[in-house]
Amino acid sequence: MQKGKFGIVLCFYPIAAFAAVILNSPLIAAALTAVAVFVERDEWAGRQTVQAWMLSALVWFFDKAVRLVTARLAIPVLSTVLSVVSTVLFVAVYLAAILLSVLAITRTMRGGEANLPFFAELAYRLYGKTRPKPLPPAGQYPPYGAQPPQPGQPVYPGQAPGQQPPYGQPPMPPQYPGAPQPGPVPPQAPVQEPPQQPNP
C-alpha cells in the first residue's frame, strides 16, 4: 500500500473517517479529511475522506433537525407522535450510514473507491473531475452501430452481427463447433490482359 508524507498508509484516513461516521463524530471526520486533502495532498484519500465527512455531516444535521423540531412543539399528543416518527427516521438514517460506512471501509481497505451514492459524484466534482462510468463486460454488447442479425441470416466469424462481409471477400459459410475447418485459400496471381495492338 502507498504511504503518505508521515509514513502512514493512505487507506488509514478514509477507514478512520468512516469509523468516525459510525461513531457519529463529524469533527473527527472533518479533521481526517483536512489532513488527507491539505497535508497529504493525495487525490484518492481526499476523495474517500470527503465522502465520509459529507455522510457524517448529513447524519449530524439530520439529528440536530429532528431534535429542534421535537423541542419546539409543545403540543402534548402531536409532540409525542412527532418525537416517535422523528426518532424512527433518525434511526433509519443512522443505520443506513453505518451500513454504507462498513461497505466503504471494506472497499477502501483494498485500495478501491468507496462509491457512496451521490457523495462519490460530489467528491469527484470537488476535484474538477467527473465520475468514470463502469464499463460493461467484454462481449456483452454488440459494437456501436451494429444491428442485430435478421432471422435466418448467418453470422460469419470475425464479423459483427448485422454487417456484411468486407468488400471483395466472398461470404463464408457459418462455422459450427466440431465441424472441420476449411484450410486457408492460397492467393491467386492477378490476371494480366495481353497488350492491345494500336489501330492504324
Unmet requirement for residue 51, which otherwise passes all of (1) at pLDDT below 90; (2) polar (S, T, N, Q); (3) within 19 Å of residue 89 (Cα to Cα): (3)
The lone exception for residue 55 - which of (1) crowded, with 16+ Cβ neighbours inside 10 Å; (2) more than 13 Å from residue 98 (Cα to Cα); (3) of a type in the set (A, V, I, L, M, F, W, C) it fails: (2)
Residue tally, condition under 23 Å from residue 125 (Cβ atoms) and touching a helix residue (DSSP H, G or I) at 6+ places or on another chain (Cβ under 8 Å), over the stretch 21-58: 25
Test: residue in the stretch 92-108 that is in contact with a Phe, Trp or Tyr (Cβ under 6 Å, 6 or more places away or on another chain) and at pLDDT below 80: no
Whichever residue in the stretch 22-54 is part of a helix (DSSP H, G or I) and within 30 Å of residue 80 (Cβ to Cβ) and, among such residues, is nearest to the chain's Cα centre (by Cα): 22
Residues being of a type in the set (S, T, N, Q) and loosely packed, with under 13 Cβ neighbours inside 10 Å - total across the stretch 107-130: 1
Selection status of residue 113, farther than 15 Å from residue 56 by Cα, in a helix (DSSP H, G or I) and of a type outside the set (S, T, N, Q): no
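The values are calculated or read from the model by the stated rules, or taken from the named source; none is laboratory data. This one's a predicted model, so the numbers in the text were calculated from it and none came from an experiment. Note that we place each Cβ from the backbone using ideal geometry, even for glycine, and neighbour counts take in every protein chain shown.
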